[in-house]
Amino acid sequence: MTVYLTFNDTGVIAPETSEIKSEVQSIFTGAFGSDLSLDDATPQGYVIDKLTEIIANQNSQMLFIINQMNPTKASGVFQDALAQLYFLQRKGATPTVVQCVCTGLSGTVLNGIDTGNPATAQNTDGELFVCTNTVTIPASGTVTAQFQSVNTGAISANANTVNRIYRQINGWDTVNNPASGVSGQAQESRTAFETRRKNSLALYAYGSREAVYAKVYNVDDVTDVIVVENDTSNSQTIQGVTLTRNSIYVCALGGDNTEIAQAMRASKSGGCATNGAVEVLLESDYLPLKFDRPTPVEIYIRVVLANADNVPSTYVNDVRDAIYNNFSGADGSSKITIGQTVYASRFYSPVMAIGLQVQNITISRNGSTYTTSVAMNLNELAVLSKSNINVTVES
């Protein structure tokens with residue numbers, strides 16, 4: 001018997017706490033005689049317990065360090081260090097992005113972030129949103145511009161809430177977002193980073209779907225991407241999107257258009273066609289590379305709780321927080337990604353984890369017809385606002 005960790009071909013073996021205590025007790029009886037009382041209430045019993053605790057904690061810390069050498073278990077700076085072997089860095093927190101309709105006098109310029117003095121709007125919660133790219137209001141008096149939150153993370157941008165001009169610009173009259181924005185994310189989680197590491201194994205490959213995925217996802221500020229191929233000689237409609245023959249389809253969230261196109265060119269096979277609404281003509285190319293940006297689709301969730309007698313007064317906010325954190329991946333689960341079908345069943349566990357009994361959870365993409373799941377096209381991304389989570393209690 002030993003108090004230490006032992007190593008063999010299958011891994012590490014740690015002794016049970018009871019085994020450690022027994023070994024420490026044998027040391028004491030060997031030193032002071034077999035008639036020594038080992039009762040926990042005695043001074044020597046107290047010392048034995050404390051030594052056992054110290055050794056067990058030391059073993060636990062060593063096991064933690066050893067597990068950090070495994071990419072599937074590593075976290076924090078240890079995970080960052082392993083990712084460096086793949087030339088990967090954890091992606092930082094991102095802002096919420098929203099499309100706003102701006103009205104005003106024709107010719108009015110709304111500056112973007114790169115000018116240092118961007119047009120700024122505010123939502124009903126007081127959060128500031130800045131224009132990402134400079135736009136000019138046309139003769140129609142209306143222009144759609146992209147704004148992003150000044151703060152990063154899951155900043156709320158429900159439909160019709162980014163509706164105040166924060167810093168007045170002559171000729172700019174109104175601002176409003178007719179649809180919810182794509183919520184920002186906290187720093188890339190352990191789970192998301194490990195998933196990207198696995199997918200990055202094709203980062204230096206060429207010509208495969210996996211290679212394109214890895215290259216595009218590695219572009220700065222890209223937080224989600226989907227890549228689908230049509231290797232047939234006929235056009236194919238896949239999950240609501242038509243792909244031309246012998247082509248790939250890329251839909252990416254975040255990142256610079258040119259850098260995404262460069263990543264695609266560096267990884268796809270020669271002669272492979274591309275699809276999408278965004279077209280980028282790179283230097284020395286004759287035809288533009290195409291890809292898509294996801295269209296945000298608001299979803300609605302209806303939760304019915306059981307056992308009204310044990311429901312706290314804060315149950316609405318508690319449930320909304322639990323579901324939203326699961327949806328966005330803030331609780332360590334896999335976030336909802338581009339083109340992913342959203343199942344209501346994924347939300348049972350986080351709600352039950354806060355001590356509430358669930359009778360039923362359903363989901364909708366129009367706020368009226370609720371089912372057990374909602375499907376997204378390849379070019380769609382489900383977005384969720386806490387206000388779209390309806391919580392009731394069955395009496």
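For Cα extents along the principal axes in Å, the candidate list reads (1) 55, 50, 49; (2) 99, 58, 44; (3) 58, 58, 49; the entry that matches the value derived from this model is (2).
Between D331, D80, D49, the GNM of the chain built on Cα springs shorter than 10 angstrom shows D49 fluctuating the most.
Using just the Cα positions, wrap the range 157-267 in a convex hull and report its mean projected area in square nanometres, one decimal place. Write out the running numbers ahead of the final one.
Values: hull surface 40.5 nm².
Taking the Cα atoms of the range 157-267, their convex hull projects to 10.1 nm² on average.
Across the accessible surface of the range 126-204, with the other protein chains kept in place and a 1.4 Å probe, carbon and sulfur atoms take up 47 percent.
Can you give the extra length, in nm with one decimal, that the chain gains between T369 and N117 once fully stretched, where that is 0.36 nm per residue apart less the Cα-Cα distance?
Values: separation 252, 0.36 × 252 = 90.72 nm, distance 4.41 nm.
Net length gain for the segment: 86.3 nm.
The convex hull built on the alpha-carbon positions of the range 258-341 has an orientation-averaged projected area of 8.5 nm². A Förster radius of 45 Å combined with the Cβ-Cβ distance from D231 to A93 puts the calculated FRET efficiency at roughly 0.75.
How high is the relative contact order of the chain? Use alpha-carbon pairs under 8 Å, at least six apart in sequence, and give a whole percent. Before the final figure, lay out the partial values.
Numbers: 816 pairs, mean separation 45.0, N = 395.
This gives 11 percent for the chain.
Compute the long axis of helix 17-32 from its Cα atoms, compare it with the longest principal axis of the Cα atoms of the chain, and write down the angle in degrees, 0 to 90, nearest 10. The angle comes out near 30 degrees. Compared with the dominant Cα axis of the chain, that is its longest principal axis, helix 257-267 is turned about 70°.
The tail of the calculated P(r) for the range 40-104 beyond 21 Å holds 59 percent of all Cα-Cα pairs. Quick check on the range 332-373: take the gyration tensor over C-alpha atoms, sort the square-rooted eigenvalues as a ≥ b ≥ c, and tell me if it's rounded (a/c under 1.5), prolate or oblate. It is oblate, given that a/c is not under 1.5 and a/b is not larger than b/c. When each of the peptides 344-354, 320-330 is scored by the mean number of other C-beta atoms lying within 10 Å of its residues, the order from highest to lowest reads 320-330, 344-354. Rolling a 1.4 Å probe across all protein chains gives E53 an accessible area of roughly 90 Å². The Rg/Rh ratio of the range 142-197, with Rg taken over Cα atoms and Rh as the Kirkwood radius over Cα pairs, comes to 1.13.
Inter-part distance, the range 24-57 to the range 141-182, computed on C-alpha centroids, equals 68 Å.
State, to one decimal in nm, how far the label point of T72 lies from the label point of N133, with both points 7 Å from Cα in the Cβ direction. That separation, rounded to one decimal, is 4.2 nm.
Could you do me a favour and compute the accessible area per residue for the range 237-318, 1.4 Å probe, result in Å²? Could you put the intermediate results ahead of the total?
On the way: 4120 Å² over 82 residues.
That works out to 50 Å² for each residue.
Calculated mean residue ellipticity, 222 nm, the chain: -8000 deg cm²/dmol, from DSSP H runs (n ≥ 4) at -39500 (n - 2.57) each, averaged per residue and rounded to 500.
Atom-type composition of the exposed protein surface of the range 225-354 places 46 percent of the accessible area on carbon and sulfur (1.4 angstrom probe).
The values are calculated or read from the model by the stated rules, or taken from the named source; none is laboratory data. Note that the structure is predicted; figures quoted are calculated from it, not measured. With ideal geometry, Cβ positions are generated from the backbone for all residues, glycine too; neighbour counts draw on all protein chains shown. Remember, those area values only see protein heavy atoms, side chains included, never the ligands or the DNA or RNA. Shrake-Rupley method; radii C 1.70, N 1.55, O 1.52, S 1.80 Å.
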